[in-house]
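Structure, as structure tokens:
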């Protein structure tokens, strides 16, 4: 049964689900194939599709990997107590009749004779401004290392802003920071995860392509079914992978107590994990960063009511009230305004009849962005953030925050001021929770 997290407001109720920690199986095998999405069987029992993490009792197993159009890959593998095995299978295409009939020798191409002129490139160097888009392109045609995957980041300002569902507090972020234009997609997750596993990283869970994890789901849907701890380990992996491609020296953010890079989610919290606040690598946003980015309206007063009257002015910048969805021009009680910017369960709110195609995650960036240029800050999937403590709340131990609401929540959960808490240790995963990345400027 798939787990769906129903968000509960922190001020009303904290879920107490103690004693429900998942058992850790004694052995683990990570399976990666080229191409991906191949079917995996263990002792002729279907186990899922690649990439895949399997937990099993120690022993000898027959591992079978198959995909239509490719020869079946089979191997005997041993799973040992407390150890992790990594299997990388390159499937061989089955030759088609057309392939067999291609016997004609290749004719070398003649290079056209033409004068090669010179083109001057004018480059303007400037500091990024708030709202600028930083596009990180990992593209085959540029780097020749991987299929093209693009993820954008938007620069957010250092500022004071209203905080809380009723804007009863004023918070501050004292540094500019980059934040993900969208939630992390399944496509990006898999590319980084495969590199990470091949380079010594370890993950607890099998991520989902959106909420359904079907073959016909889009790779552009948010990644889900991941633990909080997997998310922070993945951010370190993205940092090192990005640096290996671009030749940069970004510093991973999440560290162990002996100051080495965190590469496994199994070390516990908070005694063995900490955040290097000056590090330049990718990370989860903090609660304050997330709310600032979700509420930002800019230096100009909105022109549409009711947001024109409701917008909050602090230090020359306008901010969205806490009971609005990010990017909306009316409170969440205005369902049509909310639906322009957020995927939520409109059936519950009576906005439209039930539609199974909408009762799931959707590809990112399909709704209108907020004023900063961010998509799906409200709705689609809830988002893990880093904090386990903040100045406005006592230390929470192992509890984790989720912001933004999801496709399975009602409109009232789309509020930018809602503080949602999931009371456990970051080892739980849901098909309606993902994350977006952030980075120091």
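The values are calculated or read from the model by the stated rules, or taken from the named source; none is laboratory data. All figures in this text were calculated on a predicted structure; none of them were measured in a lab. For neighbour counting, all protein chains shown are included, and Cβ atoms are generated from backbone atoms with ideal geometry for every residue, glycine included.
Select from segment 239-262 the residues that are under 17 Å from residue 229 (Cβ atoms), touching a helix residue (DSSP H, G or I) at 6+ places or on another chain (Cβ under 7 Å) and at pLDDT 90 or above and list them in ascending order.
Our first condition is that a residue be under 17 Å from residue 229 (Cβ atoms); within segment 239-262, this holds for 239, 252-257, 260-262.
Narrowing further to those that are touching a helix residue (DSSP H, G or I) at 6+ places or on another chain (Cβ under 7 Å): 252-254, 256, 261-262.
Hits for segment 239-262 are 252, 253, 254, 261, 262.
For every residue, the table says whether it meets (1) modelled with pLDDT of 90 or more; (2) more than 27 Å from residue 207 (Cβ to Cβ); (3) crowded, with 19+ Cβ neighbours inside 10 Å; (4) in the same structural domain as residue 274 (by TED's automatic domain parsing).
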residue	(1), (2), (3), (4)
340	yes, yes, no, yes
361	yes, no, yes, yes
364	yes, no, yes, yes
367	yes, no, yes, yes
396	no, no, no, yes
408	yes, no, yes, yes
TODO: Say whether the condition of being modelled with pLDDT of 85 or more and farther than 30 Å from residue 188 by Cβ is met by at least one residue in segment 45-56.
DONE: yes
Open item on the list: When the residues of segment 255-272 are narrowed to those that are closer than 25 Å to residue 174 by Cβ and out of contact with any strand residue (DSSP E or B) (no Cβ under 6 Å at 6 or more places or on another chain), which ends up surrounded by the most Cβ atoms within 10 Å (Cβ to Cβ)?
Closed with: 270
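Have a look at 293, 279 and point out the one that is within 21 Å of residue 369 (Cβ to Cβ), modelled with pLDDT of 90 or more and in the same structural domain as residue 236 (by TED's automatic domain parsing).
Details: 279 fails: within 21 Å of residue 369 (Cβ to Cβ).
Step by step, each of 293, 279 is checked, and only 293 is within 21 Å of residue 369 (Cβ to Cβ), modelled with pLDDT of 90 or more and in the same structural domain as residue 236 (by TED's automatic domain parsing).
For the condition at pLDDT 75 or above, touching a helix residue (DSSP H, G or I) at 6+ places or on another chain (Cβ under 6 Å) and closer than 21 Å to residue 235 by Cα, what is the one hit in 436, 400? Lay out the reasoning, then the answer.
Working: 436 fails: touching a helix residue (DSSP H, G or I) at 6+ places or on another chain (Cβ under 6 Å).
Only one candidate qualifies: 400.
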